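A.B. asks: Sharing a structure, written as structure tokens. Questions coming.
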Protein chains: 2
Amino acid sequence: MMASKVTPQSEDYSRWYTDIVQMADLADYSPVRGCMVIKPYGYTLWEHIRDGLDRRFKATGHVNAYFPLFIPMSFLQKEAEHVEGFSPELAVVTVGGGKELEEPLVVRPTSETIIGHMYAKWIQSYRDLPLLINQWANVVRWEMRTRLFLRTTEFLWQEGHTAHATEAEAREETLRMLGVYTDFAVNDAAIPVLEGRKSETEKFAGAVVSYTIEAMMGDRRALQSGTSHFLGQNFARAFDITFSDENNALQHVWTTSWGVSTRMVGAVVMTHGDDQGLVLPPKLAPYQAVVVPIWRSDDELSLVLEAVAQVKAALEGSVRLKVDDRAELSPGWKFNDWEMRGVPLRIEIGPRDVQNGQVMLARRDRPGREGKRTAPLAGLASAVQDMLAAIHQNMYDRALAFREAHTTYPDDFEGLREAVADGFGVAWWCGSAACEAKVKEETGATIRCIPLDQESGHGPCAVCGETSAERAVFGRAY
Amino acid sequence: MMASKVTPQSEDYSRWYTDIVQMADLADYSPVRGCMVIKPYGYTLWEHIRDGLDRRFKATGHVNAYFPLFIPMSFLQKEAEHVEGFSPELAVVTVGGGKELEEPLVVRPTSETIIGHMYAKWIQSYRDLPLLINQWANVVRWEMRTRLFLRTTEFLWQEGHTAHATEAEAREETLRMLGVYTDFAVNDAAIPVLEGRKSETEKFAGAVVSYTIEAMMGDRRALQSGTSHFLGQNFARAFDITFSDENNALQHVWTTSWGVSTRMVGAVVMTHGDDQGLVLPPKLAPYQAVVVPIWRSDDELSLVLEAVAQVKAALEGSVRLKVDDRAELSPGWKFNDWEMRGVPLRIEIGPRDVQNGQVMLARRDRPGREGKRTAPLAGLASAVQDMLAAIHQNMYDRALAFREAHTTYPDDFEGLREAVADGFGVAWWCGSAACEAKVKEETGATIRCIPLDQESGHGPCAVCGETSAERAVFGRAY
């Protein structure tokens, strides 16, 4: 029954974010440092994210499995870059069953090593390849500064781990899964993303190449929303994952890994949310529509509830529907409450609507008069489907327009400085870590990615002026 | 391509079990003591178990959420029986981010305490009740002697945690969820179960009453397959979970918890499996039917593959189907392979079948000639559905008959000793822990449950002869 208001985005975006996450009941702080509780409404959103991804993984030939939470410390040390990258972030179990352990166990920060060990056991012949496995799991990375969904010590994610006979196949898989992530972001989450390669500095510890999808949040910062790594033979060598090829020669496999986490919930909040609360894409929303009956007398109530029952019958099975018939709350209070929770479509039914054989539809993505219209009760199911599709499209278009409005193509360092102060700067980059570091030092921006989609050509590096063959996307990031 | 054979049940049941679990690709040992790897085939089986339960939880008004993996050690100590019960089994994180932690964190063995802490924060008024939350998660209990699926240091499970305004409501919920488990066991897993109450000795650490579903495995031992606990106000008091009732008086809530784990996979294996391998209930099987084309020449092959395509088209969407058209393997080899993996129905298609417009159906639950019959291609979908339903029923009936054949009703201690040597003994019990302990000491059997379904009446305790009002089910257990 709280009436407290969200901090406006313009006042303090960061507070707006944590207000929304808590007031819309997505998550709560836990008594364990850096760990959050995902509340039922937030978890249902995550279930839809999970199902949308899982369906796509299965359609591309992947199967799920489950590997241990604990990893022997010695495993992490087998891949030099990997252990260096993850060491500062580890949670370590040193006591089990009341006894000091001989070898400490790391709570998995990611599972390349333990899975690598198992793959070495499972893979013998080229006939065992490709091996296309995904895992849904919790992972732990000790974080100093945490934010709900965006950076927490424990988070939920999926991690795909595949092994292939050839480099070409593994590279193809890496990009295929990047494409799956983009497809999910665009078509389920209504989030436009930039597909690209990470710089050497920003890539995954142990990868040959890391790819990413990068989205622009409402404060014009970038959020890395999914990554796909070509691991070459790095882990295959570290864990001795070999196979006999068709000529009976022993070879190391080529591996990939790719992941999307509960961070995606943060991406949804910050791409679409406004000062009234969440705005959820219809494919992912726990409820796609909420019915709010409006009445003043008992006579009106029974009339209206009859129409509500008809609406429910018409939409059941095709729309995730919530009927909010709580008697102790006013329609206005309910409108605000469901706006806060980002339900894409509100269906209002009052006595006059019943008389006219219609309902009022109000779109969350277009607050106010502009987003309201009546719809006849007859044929409501298809009107609602059409409107949900239109909402999705509008949300995507708006997010894309926003990103484009805050993306510039600077030629020099001053331009780049201005670009990243406002959003993304797409600039020629010579590829040197020194230029990358200079940008970070002076502007706080990093290379989000080197976009896959590039016009060919050459230009001067925005930092050092050297002739460069590629543009990079610079931006401040979460 | 292994041709190794399963150890027969009659020779060594325990080896038969681990043979099956590994040879049917359900799970594998991991390099981490006591932790297993759930392989894709086993994980898919678990996904169907999970979905079957999750659907039932949602239909009874529950929602999912997610709570932290780590629990401050001090939380466990707040409920005296709880900490005593779980202390010997804890895995403890003492180092995080490179530093010794001030307070060690326990890797959750179960989540009553951390959830209790959050409920105290979330629940204010009677309007917040009941709170009906379930969590799908991994938990860790340090086990000395482990067995794949049955007892592993880490396992997957769901744990429901509910809070109610009244004792009656909480007791009702406890039994409702026991009923949900029974419904799942019977209708999805084809496993007959006994519903009952645990003795004081065997109940959950911190519960007022624990209920259980107990199943009889193929070696006539009992497997506890799901539990539902009425926790009274024990955790509400320990974590100060209170609410204002309708008269504005402050009261402690009443809580329940209930869980089913990956152990259910072991129950499926040991209830139905035979010396040829797994026998999977159709509702849970990763593949419900496998199509094996049979051919000798290329001409036959193209003829047969055409029919396979027809079968596929006819069954797609209604049956989880696998087409095994691997050219390098003989039909006989494939038959054995899919029998090992327990696929309920095999559909054989040879050139003669094509000519006759039919296929051969072979049931896994009835090996040999008896389980084979032809079915016309026309109307195949409904014939397959009928057969899957018949397979489920037969599997259930057979398991029930087996349990009944190995259940006796002894009147005295000698009779009880014989009863538990063969299976279950249902005997009058005076309720004393001393009699319970004597049975355990002398026969190795424990009280599996005091069945809910009891004829009223009285009889002499099978151990001490004292007049008793209830019968208990005794049996040796996993």
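The values are calculated or read from the model by the stated rules, or taken from the named source; none is laboratory data. The structure presented is a predicted model; accordingly, all values stated were derived computationally and were not measured. For neighbour counting, all protein chains shown are included, and Cβ atoms are generated from backbone atoms with ideal geometry for every residue, glycine included.
A.B. asks: When only residues in region B:247-259 that are of a type outside the set (Gly, Ala, Ser) and out of contact with any helix residue (DSSP H, G or I) (no Cβ under 6 Å at 6 or more places or on another chain) count, which is nearest to B:Phe204 (Cα to Cα)?
C.D. replies: B:Gln251
A.B. asks: Name the residue, out of A:Ser302, A:Ser318, that is more than 23 Å from the chain's Cα centre (by Cα), polar (S, T, N, Q) and in a loop (DSSP other than H, G, I, E, B).
C.D. replies: Numbers: A:Ser302 fails: in a loop (DSSP other than H, G, I, E, B).
Selected residue: A:Ser318, the only one of A:Ser302, A:Ser318 that is more than 23 Å from the chain's Cα centre (by Cα), polar (S, T, N, Q) and in a loop (DSSP other than H, G, I, E, B).
A.B. asks: With a cut-off of at least 3 residues that are in contact (Cβ under 8 Å) with a residue 60 or more places away in the chain and facing another protein chain (nearest Cβ under 9 Å), name the strands (runs of 3 or more DSSP E) lying wholly within region A:85-154.
C.D. replies: Per the criteria, A:131-140.
A.B. asks: Let me ask you something else. Which of the residues that make up region B:392-407 are out of contact with any strand residue (DSSP E or B) (no Cβ under 6 Å at 6 or more places or on another chain) and surrounded by 14 or more Cβ atoms within 10 Å (Cβ to Cβ)?
C.D. replies: Residues satisfying the conditions are B:His392, B:Asn394, B:Met395, B:Tyr396, B:Arg398, B:Ala399, B:Leu400, B:Phe402, B:His406.
A.B. asks: Confirm whether A:Asp337 is at negative phi, crowded, with 17+ Cβ neighbours inside 10 Å and of a type in the set (Asp, Glu).
C.D. replies: Working: at negative phi: yes; crowded, with 17+ Cβ neighbours inside 10 Å: yes; of a type in the set (Asp, Glu): yes.
Against the criterion (at negative phi, crowded, with 17+ Cβ neighbours inside 10 Å and of a type in the set (Asp, Glu)), A:Asp337 qualifies.
A.B. asks: While we're here: Filter region A:358-379 for residues that are closer than 17 Å to A:Met340 by Cβ and assigned to a loop (DSSP other than H, G, I, E, B) and give the result.
C.D. replies: Keep residues of region A:358-379 that are closer than 17 Å to A:Met340 by Cβ, which gives A:362-368, A:371.
Scanning region A:358-379 gives A:Arg364, A:Asp365, A:Arg366, A:Pro367, A:Gly368.
A.B. asks: Got at least one residue in region B:160-178 being surrounded by fewer than 20 Cβ atoms within 10 Å (Cβ to Cβ), within 13 Å of another protein chain (Cβ to nearest Cβ) and free of Cβ contacts under 8 Å to residues at least 40 places away in the same chain? Walk me through how you get there before you give the answer.
C.D. replies: Restricting attention to region B:160-178, the residues satisfying the condition of being surrounded by fewer than 20 Cβ atoms within 10 Å (Cβ to Cβ) are B:166-169, B:171-172, B:175-176.
After this cut, where a residue has to be within 13 Å of another protein chain (Cβ to nearest Cβ) as well, the list is none.
No: region B:160-178 contains no residue that is surrounded by fewer than 20 Cβ atoms within 10 Å (Cβ to Cβ), within 13 Å of another protein chain (Cβ to nearest Cβ) and free of Cβ contacts under 8 Å to residues at least 40 places away in the same chain.
A.B. asks: May I pose another question? Tell me which residues, restricted to region B:243-289, are touching a residue at least 60 places away in the same chain (Cβ under 8 Å), more than 19 Å from A:Tyr66 (Cβ to Cβ), under 23 Å from the mean Cα position of the chain (by Cα) and not in a strand (DSSP E or B).
C.D. replies: Correct list: B:Met270, B:Thr271, B:His272, B:Gly273, B:Asp275, B:Gln276, B:Val279, B:Pro281, B:Pro282, B:Lys283, B:Gln288.
A.B. asks: Within region A:71-82, how many residues are free of Cβ contacts under 8 Å to residues at least 60 places away in the same chain and more than 10 Å from chain B (Cβ to nearest Cβ)?
C.D. replies: Number of matching residues: 4.
A.B. asks: Confirm whether B:Gly226 is small (Gly, Ala, Ser), modelled with pLDDT under 95 and surrounded by 23 or more Cβ atoms within 10 Å (Cβ to Cβ). Let's see the steps before the verdict.
C.D. replies: Details: small (Gly, Ala, Ser): yes; modelled with pLDDT under 95: no; surrounded by 23 or more Cβ atoms within 10 Å (Cβ to Cβ): yes.
Answer is no for this residue.
A.B. asks: Also: Name the single residue, out of those in region B:44-70 being under 26 Å from A:Thr153 (Cβ atoms) and either assigned to a helix (DSSP H, G or I) or among the aromatic types (Phe, Trp, Tyr) (or both), that is farthest from the other protein chains (Cβ to nearest Cβ).
C.D. replies: Within region B:44-70, the first condition is being under 26 Å from A:Thr153 (Cβ atoms), and the residues that meet it are B:50, B:63-70.
Then drop every residue that is not either assigned to a helix (DSSP H, G or I) or among the aromatic types (Phe, Trp, Tyr) (or both), which leaves B:50, B:66-67, B:70.
Values: B:Arg50: 11, B:Tyr66: 4, B:Phe67: 5, B:Phe70: 5 Å.
Only one residue fits best here, namely B:Arg50.
A.B. asks: Which one is farthest from the chain's Cα centre (by Cα), of the residues in region A:408-429 that are surrounded by fewer than 17 Cβ atoms within 10 Å (Cβ to Cβ) and in a helix (DSSP H, G or I)?
C.D. replies: Filtering region A:408-429 for residues that are surrounded by fewer than 17 Cβ atoms within 10 Å (Cβ to Cβ) and in a helix (DSSP H, G or I), the one farthest from the chain's Cα centre (by Cα) comes out as A:Glu414.
A.B. asks: Looking for something assigned to a strand (DSSP E or B) and touching a His at 6+ places or on another chain (Cβ under 7 Å) - is there at least one such residue anywhere in region B:380-397? Break it down into steps so the answer makes sense when it comes.
C.D. replies: As a first pass, look at region B:380-397 and keep what is assigned to a strand (DSSP E or B): none.
Among the residues of region B:380-397, not one is assigned to a strand (DSSP E or B) and touching a His at 6+ places or on another chain (Cβ under 7 Å), which makes the answer no.
A.B. asks: Can you pull out the residues in region A:155-185 that are more than 15 Å from A:Phe57 (Cβ to Cβ) and part of a strand (DSSP E or B)?
C.D. replies: Correct list: A:Phe155, A:Leu156, A:Ala163, A:His164.
A.B. asks: Among the residues of region A:428-461, what is the count of those that are of a type in the set (Gly, Ala, Ser) and touching a Phe, Trp or Tyr at 6+ places or on another chain (Cβ under 6 Å)?
C.D. replies: The number of residues fulfilling the criteria is 2.
A.B. asks: Kindly indicate whether A:Ser432 is surrounded by 15 or more Cβ atoms within 10 Å (Cβ to Cβ) and out of contact with any Cys (no Cβ under 6 Å at 6 or more places or on another chain). Give the steps one after another, and end with the answer.
C.D. replies: Values: surrounded by 15 or more Cβ atoms within 10 Å (Cβ to Cβ): yes; out of contact with any Cys (no Cβ under 6 Å at 6 or more places or on another chain): yes.
Against the criterion (surrounded by 15 or more Cβ atoms within 10 Å (Cβ to Cβ) and out of contact with any Cys (no Cβ under 6 Å at 6 or more places or on another chain)), A:Ser432 qualifies.
A.B. asks: Moving on. It is to be established whether one or more residues within region B:22-36 are surrounded by 18 or more Cβ atoms within 10 Å (Cβ to Cβ), part of a strand (DSSP E or B), of a type in the set (Val, Ile, Thr) and within 12 Å of chain A (Cβ to nearest Cβ).
C.D. replies: No, region B:22-36 has no match at all.
A.B. asks: Hey, another quick one. Yes or no: region B:251-261 includes at least one residue that is surrounded by fewer than 17 Cβ atoms within 10 Å (Cβ to Cβ), on the phi < 0 side of the Ramachandran plot and not aliphatic (A, V, I, L, M).
C.D. replies: Of the residues in region B:251-261, the ones surrounded by fewer than 17 Cβ atoms within 10 Å (Cβ to Cβ) are B:251.
Among the residues that remain, those that are also on the phi < 0 side of the Ramachandran plot are: B:251.
Restricting the remaining residues to those that are not aliphatic (A, V, I, L, M) gives B:251.
Within region B:251-261, one or more residues are surrounded by fewer than 17 Cβ atoms within 10 Å (Cβ to Cβ), on the phi < 0 side of the Ramachandran plot and not aliphatic (A, V, I, L, M).
A.B. asks: Select from region B:232-286 the residues that are basic (Lys, Arg) and in contact with a strand residue (DSSP E or B) (Cβ under 8 Å, 6 or more places away or on another chain) and list them in ascending order.
C.D. replies: Within region B:232-286, B:Arg237, B:Arg263 qualify.
A.B. asks: Okay, moving on. Give all pairs with beta carbons closer than 6 Å in which a residue from region B:34-51 that is more than 14 Å from B:Ser261 (Cα to Cα) meets a residue that is at pLDDT 95 or above and of a type in the set (Phe, Trp, Tyr); count only pairs at least 6 apart in sequence or on separate chains.
C.D. replies: Hits for this filter: B:Val37/A:Phe67.
A.B. asks: Could you list all residues from region B:1-40 that are of a type in the set (Phe, Trp, Tyr) and in contact with a strand residue (DSSP E or B) (Cβ under 8 Å, 6 or more places away or on another chain)?
C.D. replies: Restricting attention to region B:1-40, the residues satisfying the condition of being of a type in the set (Phe, Trp, Tyr) are B:13, B:16-17, B:29.
Scanning region B:1-40 gives B:Tyr17, B:Tyr29.
A.B. asks: Got at least one residue in region A:326-342 being at pLDDT 95 or above and assigned to a strand (DSSP E or B)?
C.D. replies: No, because not a single residue in region A:326-342 is at pLDDT 95 or above and assigned to a strand (DSSP E or B).
A.B. asks: Still on this structure, I have one more. Could you list, in sequence order, the residues of region B:443-462 that are within 29 Å of the chain's Cα centre (by Cα) and either of a type in the set (A, V, I, L, M) or surrounded by fewer than 15 Cβ atoms within 10 Å (Cβ to Cβ) (or both)? Break it down into steps so the answer makes sense when it comes.
C.D. replies: Let us first name the residues in region B:443-462 that are within 29 Å of the chain's Cα centre (by Cα), namely B:443-455.
Within region B:443-462, B:Gly444, B:Ala445, B:Ile447, B:Ile450, B:Leu452, B:Asp453, B:Gln454, B:Glu455 qualify.
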